[in-house]
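Colleague: Supplied in structure tokens, the structure appears directly below.
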Amino acid sequence: MRLAIIGDYDDSFEPHRATHEAIAHSSKKFDTRIAYDWVPTDTIEARWKAITTDYGAYWIAPGSPYKSMAGALKIIQYARERGIPVLGTCGGFQHMVIEFARNVLGIVDAQHAEYDPYSSKLVVNPLSCSLAGQVLEIEITDKSSRVYSILRSDRIAERYYCNFGLNQDYEDQINDAGFRIVGRDNLKEVRILELKDHPFFIATLFVPQANSTPEAPHQLVTAFLKSIV
């Protein structure tokens, strides 16, 4: 099983390098080698058949704005509708929110402030305070969630690299439609989402790969890879 990392790789961007490292850390727990490729967002639509045939899971990576928002949203929708494992971190979280708002909630003009700050439907908007470079505590609020079963902890501390998050005005609509809010920070802002009745569709505004080490691979990364080996 091959994994596609959906994002526009930049070796100077720490979360991208950390993604390689986190996969290596977690891979040691499996007998099977986990093969993966970075898939630039602006190649998705042109290479659609190969990308949907060659890969059995998708990691929606940090590093927005993407070269092609349309490409990223298309692969997220494809995986969500077909029960294909998806992990979205940082920018991945944000784009999973936009895809869900457009294609499930029917907010066809749902927008991300990084792409169109003047949109009337900013489902992803600037955070009240930038989280870039911070390590903050998160409470796992839904003890029935897959996330809780993976982490086995009420509280975790994670590193962020973002300036955008879920607009609070849309929280109830998204949660009630099945993209459940399962983690919040001390300000009660949403930091983890999980799609109900999907094998693995988890979005974190933080970057778990930045908190992975050889001695302690991040549990979410390990669980994601376990879902595809």
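The values are calculated or read from the model by the stated rules, or taken from the named source; none is laboratory data. Note that the structure is a prediction, hence the values are computed from the model and not measured. Here the Cβ is made from the backbone with ideal geometry for all residues, glycine too, and neighbour counts use every protein chain on show.
Colleague: Restrict the check to segment 158-180 and report whether at least one residue is touching a residue at least 24 places away in the same chain (Cβ under 8 Å), within 18 Å of residue 112 (Cα to Cα), surrounded by 14 or more Cβ atoms within 10 Å (Cβ to Cβ) and among the charged types (D, E, K, R).
Modeller: Scanning segment 158-180, I find no residue that is touching a residue at least 24 places away in the same chain (Cβ under 8 Å), within 18 Å of residue 112 (Cα to Cα), surrounded by 14 or more Cβ atoms within 10 Å (Cβ to Cβ) and among the charged types (D, E, K, R), so the answer is no.
Colleague: Another question about this same structure. Give me the pairs: first residue in segment 207-229 and more than 17 Å from residue 147 (Cα to Cα), second residue assigned to a loop (DSSP other than H, G, I, E, B), beta-carbon distance under 8 Å, and six or more apart or on different chains, which are they?
Modeller: Short answer, once both residue conditions are applied: 210/161; 214/28; 229/1; 229/30; 229/32; 229/34.
Colleague: Restricting attention to segment 191-210, and to residues there that are among the aliphatic types (A, V, I, L, M) and within 13 Å of the chain's Cα centre (by Cα), which single residue is nearest to residue 153 (Cα to Cα)?
Modeller: 192
Colleague: Those residues that are farther than 26 Å from residue 206 by Cα and exposed (fewer than 15 other Cβ atoms within 10 Å of the Cβ), I need them from segment 48-71; list them, please.
Modeller: 48, 49, 50, 53, 54
Colleague: How many residues does segment 67-95 hold that are part of a helix (DSSP H, G or I) and of a type outside the set (Asp, Glu)?
Modeller: 18
Colleague: Out of segment 11-36, which residues are loosely packed, with under 13 Cβ neighbours inside 10 Å and under 24 Å from residue 80 (Cα atoms)?
Modeller: 35
Colleague: Oh, and also: Looking only at segment 201-229, filter to residues that are touching a Phe, Trp or Tyr at 6+ places or on another chain (Cβ under 9 Å) and in a loop (DSSP other than H, G, I, E, B); which one of those is surrounded by the most Cβ atoms within 10 Å (Cβ to Cβ)?
Modeller: 205
Colleague: Further question on the same structure: Here is a list: 12, 64. Which entry is under 26 Å from residue 167 (Cα atoms), at pLDDT below 95 and in a loop (DSSP other than H, G, I, E, B)?
Modeller: Exactly one residue qualifies, and that residue is 64.
Colleague: Going by the structure shown, is residue 58 part of a loop (DSSP other than H, G, I, E, B), under 27 Å from residue 219 (Cα atoms) and either among the small types (Gly, Ala, Ser) or modelled with pLDDT of 95 or more (or both)?
Modeller: Answer is no for this residue.
Colleague: If I ask for residues that are modelled with pLDDT under 95, hydrophobic (A, V, I, L, M, F, W, C) and in a strand (DSSP E or B), which ones from segment 161-189 would you list?
Modeller: The one that is modelled with pLDDT under 95, hydrophobic (A, V, I, L, M, F, W, C) and in a strand (DSSP E or B): 164.
This table checks each residue for (1) modelled with pLDDT of 95 or more; (2) closer than 22 Å to residue 3 by Cα; (3) of a type outside the set (Ser, Thr, Tyr); (4) within 16 Å of the chain's Cα centre (by Cα).
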site	(1), (2), (3), (4)
68	yes, yes, no, no
93	yes, yes, yes, yes
99	yes, yes, yes, yes
106	yes, no, yes, no
109	yes, no, yes, no
115	yes, no, no, no
121	yes, no, yes, no
147	yes, yes, yes, yes
158	no, no, yes, yes
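Colleague: What's the number of the condition residue 198 fails, among (1) over 16 Å from residue 89 (Cα atoms); (2) assigned to a helix (DSSP H, G or I)?
Modeller: (2)
Colleague: Would you check which residues across segment 11-58 are over 18 Å from the mean Cα position of the chain (by Cα) and under 19 Å from residue 95 (Cα atoms) and list them?
Modeller: 42, 43, 45, 48, 51, 52
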